[in-house]
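J.: Pasting a structure below so you can have a look.
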Amino acid sequence: MDNPVEEIKKRIDIVDFIGGYITLKKTGRNFRANCPFHNEKSPSFIVSPERQIWHCFGSCGEGGDIIKFLMKWENITFVEALRELAKKAGVTLKNVTLDDKDSRKKERFYEMNLMAADFFQYILNKSKYGEKASEYLKNRGIKSGISQKFRLGYSPVSWDSLLNFLKKKKYTPEEMFENGLVVKSASGRYYDRFRGRLMFPIIDAREHVLGFSGRILEGKDNEAKYVNTPETPIYHKRETLYGINLAKDSIKKEKNAYLVEGEFDMITPYAHGFSNFVAIKGSALTSDQLLLLKRFTPKLTLIFDSDEAGGEAVRRGIEEAEKLDMELAVVRPDFAKDPDEAIQKDEVAFKKALNNPQPIYDFLIDSAMKKYSVSDPYGKKKISDEVIPFIERIGNPIVKSHYSKKVAALLGVTETSVEALMARIRRKKKQTEDYRSSYKKEEVVGREIVLEKYLLSFIFQSENPYKPAKTVFAAINPGDLSVPADAKIAQILMDHEKDMALNFDLDKFASVIPTSLRPVFDEIYLFASAPTGIEDDNIQKLAYEVKRFSLKRQIKEILSSEDQSAEKNKKLLEITSALKEVEKKLISL
Ligand SMILES: [Zn+2]
């Protein structure tokens, strides 16, 4: 076995592999799905069994092989993904030099955090400096087993104890700084970020310690209640869910996750056997968190108190969840301020509350009804202003109609007026969207580029590529393509007509393409499988359209050049008459 990476790719089929994570639908020679890495409704994620690659033609634009897919899916490094795939394929990775700087750095940072977590844990459980914090946990009902499970710790009141500890472990202060464990003073001195705090390691689904949340033990007015790891190469707040490492199996099994806000609101329920809770830091529920949760469950239940409903953060979370087709519900144990307190007070009542979830839209309607009076017209307006924008966004028409009927009945108005209001919201939204897209189109991908990529893609996806290529390159030359890489690939195709026309082999062709052009080729190959906006399938006509773009471009270039010679005028005449011919062809086709 010369190359283990190639061997792994040979043994694991990309369609089987990715199909184990998301549902792939066959479309022509390729497979298609909604991209798992960004929010979308029409599928622009394409997988090719022949090339063993994938690419997203939607807004994230990601692509690659099985290794890249696993890296993105699990949010892991190249080395980790390779190890996992090697195991799956039964390939030994010995003698492979894994020179991936980015991965090495991330792994080093994970290890650094793990050591820091061990250090804090030691201080909490084994040293006299941690006695007060231990006492505090005991008073909150956190037993030692649970504390161990969550790797809770304590950062001593000191400027440099972690700094010195990690120095001994051969980490530099610069690395600790980049990893968020130490802070740099104006004079350039490094010191511990976490001092005198109860430490909650933030751990991902794969047991990596990404960062920390440090909480003060008792209220000191001059100090922040929480100090958190800032954004680092491995910690991204908008992607993290506290407790996911311990809760994920249970979430999968129950097909439901309870979302809470603070660490203790996750830990206390967990200690009492409620094992499918996760906490979000701050109240904003992000699309990254939702995408992560969607892998485990189609349904989420929010636990928060009524003041938060209708807040901007919750609002956006509901919108994102709707886009992802996730079902949202709310429970409100109204006898306590949060789940931690609710369980301490009355576990039975808490359980009962969990068993009575309210669909999110009923909850929103209820809380608006409580806030404003239905008996006066302005109250009615306020209720509808708060609730109807949510209902307008519901994707499923049956659910949507159910709620517009409900709102109409509650407000004592006709359904028509609710619908009129929704239509107005839609119009407004469309206006801003139109504005945005007209603004975007000009600077992103014009029709010219879409056309040429589509044509090349059509050619390469054909059983015998030289058949459509003949039609296309009767109308245009490779040089007519506006993107230099596209033109080069077209040129290589035509250069190999002699030896490949009768027996075209995609892999052989890919191998004659220079390495630097390989990613462009992969993307082109998959392009026609994604929604391109091109409806006409008359290849000849599309090719002439490309020709027209090319000629117009040439005319523009000549006109803007300084050259005043007769040559120039002659050339201009030639191109103009060629353009006329092309226009005629386009009409006749
Ligand atoms: Zn995508």
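The rows are residues; the columns are (1) closer than 22 Å to Arg447 by Cβ; (2) out of contact with any Phe, Trp or Tyr (no Cβ under 6 Å at 6 or more places or on another chain); (3) not small (Gly, Ala, Ser).
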{"residue": "Pro514", "(1), (2), (3)": "no, yes, yes"}
{"residue": "Ser529", "(1), (2), (3)": "yes, yes, no"}
{"residue": "Asp536", "(1), (2), (3)": "yes, yes, yes"}
{"residue": "Gln540", "(1), (2), (3)": "yes, yes, yes"}
{"residue": "Ser550", "(1), (2), (3)": "yes, yes, no"}
{"residue": "Glu557", "(1), (2), (3)": "yes, yes, yes"}
{"residue": "Gln564", "(1), (2), (3)": "no, yes, yes"}
{"residue": "Leu586", "(1), (2), (3)": "yes, no, yes"}
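J.: Ok, one more. Give the residues of the stretch 60-85 that are within 14 Å of the ligand (Cβ to nearest atom) and in contact (Cβ under 8 Å) with a residue 40 or more places away in the chain, sorted by residue number. Let's see the steps before the verdict.
T.: To start, the set of residues in the stretch 60-85 that are within 14 Å of the ligand (Cβ to nearest atom) comprises 60-64, 68-69, 72-73.
Within the stretch 60-85, Gly63, Phe69, Trp73 qualify.
J.: Using the structure shown, decide if Phe200 is buried (at least 23 other Cβ atoms within 10 Å of the Cβ) and in a loop (DSSP other than H, G, I, E, B).
T.: On the way: buried (at least 23 other Cβ atoms within 10 Å of the Cβ): yes; in a loop (DSSP other than H, G, I, E, B): no.
Here the answer is no, as Phe200 does not meet what is asked.
J.: Hey, another quick one. Of all residues in the stretch 158-175, which are under 34 Å from the mean Cα position of the chain (by Cα) and assigned to a loop (DSSP other than H, G, I, E, B)?
T.: Tyr171, Thr172
J.: Moving on to the next point. When the stretch 293-319 is examined, which residues are found to be touching a helix residue (DSSP H, G or I) at 6+ places or on another chain (Cβ under 9 Å), modelled with pLDDT of 85 or more and part of a loop (DSSP other than H, G, I, E, B)?
T.: Arg295, Phe296, Thr297
J.: Might you let me know whether the stretch 176-183 holds any residue that is among the aliphatic types (A, V, I, L, M), open to solvent by 20 Å² or more (accessible area, probe 1.4 Å), without any contact (Cβ under 8 Å) to a residue 40 or more places away in the chain and not in a loop (DSSP other than H, G, I, E, B)?
T.: Checked against the condition, which is being among the aliphatic types (A, V, I, L, M), open to solvent by 20 Å² or more (accessible area, probe 1.4 Å), without any contact (Cβ under 8 Å) to a residue 40 or more places away in the chain and not in a loop (DSSP other than H, G, I, E, B), the stretch 176-183 yields at least one hit.
J.: Out of the stretch 1-25, which residues are away from the ligand (no atom under 16 Å from the Cβ), closer than 21 Å to Leu324 by Cβ and surrounded by 14 or more Cβ atoms within 10 Å (Cβ to Cβ)?
T.: Gly19
J.: Then there's this: Restricting attention to the stretch 242-265, which residues are under 30 Å from Val182 (Cα atoms) and modelled with pLDDT under 95?
T.: If the condition is that a residue be under 30 Å from Val182 (Cα atoms) and modelled with pLDDT under 95, then Val260, Glu261, Gly262, Glu263, Phe264, Asp265 are the ones that fit.
J.: Here's a follow-up. Quick test of your reading of the structure: Asp160 fulfils all but one of (1) acidic (Asp, Glu); (2) out of contact with any Asp or Glu (no Cβ under 7 Å at 6 or more places or on another chain); (3) open to solvent by 30 Å² or more (accessible area, probe 1.4 Å). Name the failing condition by number.
T.: (2)
J.: Please specify each residue of the stretch 240-266 satisfying the condition of being out of contact with any Ser or Thr (no Cβ under 9 Å at 6 or more places or on another chain) and among the hydrophobic types (A, V, I, L, M, F, W, C).
T.: Across the stretch 240-266, the qualifying residues are Leu241, Ile244, Val260, Phe264, Met266.
J.: Taking Phe57 as the residue in question, decide whether it is in contact (Cβ under 8 Å) with a residue 12 or more places away in the chain, within 14 Å of the ligand (Cβ to nearest atom) and in contact with a Pro (Cβ under 8 Å, 6 or more places away or on another chain).
T.: yes
J.: Okay, moving on. Among the residues of the stretch 362-373, count how many are touching a residue at least 60 places away in the same chain (Cβ under 8 Å) and surrounded by fewer than 16 Cβ atoms within 10 Å (Cβ to Cβ). Give the derivation first.
T.: Residues of the stretch 362-373 that are touching a residue at least 60 places away in the same chain (Cβ under 8 Å), as a first pass: 367, 370.
Filter again for surrounded by fewer than 16 Cβ atoms within 10 Å (Cβ to Cβ), leaving 370.
Selection size over the stretch 362-373: 1.
J.: Name the one entry in Tyr258, Tyr235 that is open to solvent by less than 30 Å² (accessible area, probe 1.4 Å), of a type in the set (Phe, Trp, Tyr) and in a loop (DSSP other than H, G, I, E, B).
T.: So the residue among Tyr258, Tyr235 that is open to solvent by less than 30 Å² (accessible area, probe 1.4 Å), of a type in the set (Phe, Trp, Tyr) and in a loop (DSSP other than H, G, I, E, B) is Tyr235.
J.: Only one of Ala501, Ala528, Ala566 is surrounded by fewer than 16 Cβ atoms within 10 Å (Cβ to Cβ) and in contact (Cβ under 8 Å) with a residue 24 or more places away in the chain; which?
T.: None of the others qualify; the one that does is Ala501.
J.: Inspect the stretch 283-292 for any residue being farther than 19 Å from Leu364 by Cβ, modelled with pLDDT under 90, in contact with a helix residue (DSSP H, G or I) (Cβ under 8 Å, 6 or more places away or on another chain) and among the polar types (S, T, N, Q) and give the result as yes or no.
T.: Within the stretch 283-292, one or more residues are farther than 19 Å from Leu364 by Cβ, modelled with pLDDT under 90, in contact with a helix residue (DSSP H, G or I) (Cβ under 8 Å, 6 or more places away or on another chain) and among the polar types (S, T, N, Q).
J.: Would the stretch 140-147 turn up any residue that is more than 30 Å from Lys345 (Cβ to Cβ), among the polar types (S, T, N, Q) and more than 16 Å from the ligand (Cβ to nearest atom)?
T.: No, the stretch 140-147 contains no residue that is more than 30 Å from Lys345 (Cβ to Cβ), among the polar types (S, T, N, Q) and more than 16 Å from the ligand (Cβ to nearest atom).
J.: Provide a single number: the residues in the stretch 374-405 that are outside any loop (DSSP other than H, G, I, E, B), open to solvent by less than 70 Å² (accessible area, probe 1.4 Å), touching a helix residue (DSSP H, G or I) at 6+ places or on another chain (Cβ under 8 Å) and farther than 20 Å from Glu319 by Cα.
T.: So the count comes out to 1.
J.: Provide a single number: the residues in the stretch 26-42 that are open to solvent by 40 Å² or more (accessible area, probe 1.4 Å), within 15 Å of the ligand (Cβ to nearest atom) and charged (D, E, K, R).
T.: Looking only at that region, the number is 2.
J.: Given Ser529, Ser550, Ser516, which one is at pLDDT 90 or above and polar (S, T, N, Q)?
T.: When all the criteria are applied, what remains is Ser550.
The values are calculated or read from the model by the stated rules, or taken from the named source; none is laboratory data. Owing to the predicted nature of the structure, the values given are computational and were not obtained by experimental measurement. Using ideal geometry, Cβ is built from the backbone for each residue, glycine included, and neighbour counts are taken over all protein chains shown. Quick note on the areas: whole protein, heavy atoms, side chains included, nothing else; ligands and nucleic acids left out. Shrake-Rupley method; radii C 1.70, N 1.55, O 1.52, S 1.80 Å.
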